[in-house]
Amino acid sequence: MSTILAYLFMNAKKRSFHGLKTPTLTIALAVALFISLVLFRAGVHAQAPAEAAKPAETLRPAVAKELKAAQDLINAKQFKEALAKLAEADKISAKTPYEIYILERLRGPAAAAISEHATAAKSFQIALDSGRLTPAERTQFSEAITSAYYLLKDYKTSAVWAKRAIESGGAAPQTRMLMIQALVLGDDLPGATKEANAAIADDEKVGKITSQELLRLAGTIALRANDDTAYVGVLERLVMSYPTNDYWLDYISRVARNPAINDRYMTDIFRLKMTLGQPLTASQYMFVAQSAKQAGFPIEAAKVMEAGIKTGVLSTAEHKQFRDLVERDAADDIKNMVRSSAEAAKSKEGPGLFNAGLNYVYNGESDKGLVMMEQGISRTGIRRPEDARLRLGIAYAIAGERAKAVDALAMVKSAEGGTEVARLWTAYAKQRVTSPAPAPAPSAK
């Protein structure tokens with residue numbers, strides 16, 4: 001990018017998203033889950049399905065009394081008192097493995113409810129290691145342990161338990177998110193990158209739109225790893241699936257700062273900003289308008305100047321004088337459009353017809369203009385075929401012909417930045433939400 005064009009983007013605010021949220025699968029959720037799993041009867045605990053074929057295990061009366069009282073306190077949400085009652089039960093000597101299992105299965109939710117996460121993690125793990133849980137329960141307990149260690153900021157251990165929960169099958173989708181977050185906070189960026197990419201790939205395999213939460217997390221990982229290419233890739237997905245002004249601003253500005261992009265493509269980037277309804281700076285408006293005029297497209301130049309003046313960005317006498325100049329030239333072009341396009345159609349070479357089509361697109365007559373552009377690009381004489389394909393794709397996108405835009409833009413193969421700009425416009429053509437009203441179409445060179 002030249003010094004002049006770098007200046008045009010110099011004042012663009014660098015936008016990025018940082019920070020990780022607390023676990024989606026919270027301890028509060030785990031508490032509700034495990035209270036519902038604990039079915040206690042005086043003297044006998046309801047058996048899990050895996051134990052149904054075995055002789056019933058029972059609690060001694062002294063133990064049963066304390067544990068029943070503890071469960072009543074848990075059901076009444078008196079968790080601190082429940083823990084105290086469980087501590088009394090724990091003092092009973094010679095407890096059987098089954099009595100220990102029931103005690104810890106009660107203590108885990110009670111401790112979690114009042115944020116005693118270390119106690120909760122230990123109790124859930126003892127219950128899990130008892131061998132008395134069904135496969136589904138093992139997954140659920142592993143998820144609770146994951147959350148407990150996360151809240152203890154023991155992120156490496158949290159990630160290990162999340163992995164176990166996922167591998168056991170049936171884990172909630174949030175558990176995978178929690179694992180990735182734990183890997184990031186545990187400074188395992190390679191592991192976090194691998195897991196985030198795998199999660200996104202799994203979504204793609206089944207045709208599922210990746211959640212915004214996961215994409216933002218992948219973006220955070222890329223930023224922390226100083227991987228700008230990966231970050232731009234995340235932004236591309238975000239603008240297609242969850243288009244917002246901030247995502248687009250960040251995506252466009254990062255692509256525009258790519259030093260490999262030739263100056264002549266900057267007008268196409270600025271046009272995308274206008275198409276998205278994003279105002280330009282005075283320098284950017286003038287750059288696009290002057291480039292259009294120099295390329296022989298005063299109709300576009302006039303529309304750009306009018307947009308800049310309407311937003312109040314262009315307000316000097318010089319700006320209005322230039323607007324008047326290109327409007328006079330545009331009026332002449334409009335008056336001669338039919339004749340000039342007819343003459344271009346007679347030529348065996350394509351530039352004249354292609355550019356005549358552009359003029360029709362600029363003038364709001366996309367149906368006529370796109371046909372001429374298609375015919376023109378198929379003929380000989382196009383000096384830069386990749387640029388012509390790019391601008392045909394942009395014209396399709398602006399005209400609302402999104403499928404054709406994607407196909408045309410996919411054919412752009414340029415070592416000078418045209419491919420990167422084509423990806424920008426492809427993202428626009430693929431985005432889920434309809435963009436603001438079309439802006440001026442692109443000019444050919």
**Report entry** Additional length obtainable on full extension of the chain from GLU349 to ALA403, 0.36 nm per residue less Cα span
**Finding:** 16.7 nm
Report task. For an R0 of 22 angstrom, estimate the FRET efficiency from the Cβ-Cβ distance between ARG383 and ILE309 and round to the nearest 0.05. Result -> 0.10
Query - Quarter of Cα convex hull surface for region 229-286, i.e. mean projection, nm² - result: 4.1
**Report entry** Neighbour-count ranking [beta-carbon atoms within 10 angstrom, fewest first] of MET372, MET240, MET411
**Finding:** MET411, MET240, MET372
Query - region 344-377: trypsin sites (Lys or Arg not before Pro) falling in loop per DSSP and having at most 15 other Cβ within 10 Å - result: LYS348
Report summary line: Rounded to 0.05, the calculated FRET efficiency for the beta carbons of ASP263 and SER340 at R₀ = 25 Å is 0.35
Report summary line: By the C-alpha gyration tensor axes a ≥ b ≥ c (rounded if a/c is under 1.5, else prolate when a/b exceeds b/c, else oblate), the shape of region 293-445 is oblate
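No lab work stands behind these numbers, since they all come straight from the coordinates. The structure presented is a predicted model; accordingly, all values stated were derived computationally and were not measured. Neighbour counts run over all protein chains shown; Cβ positions are idealised from the backbone, glycine included.
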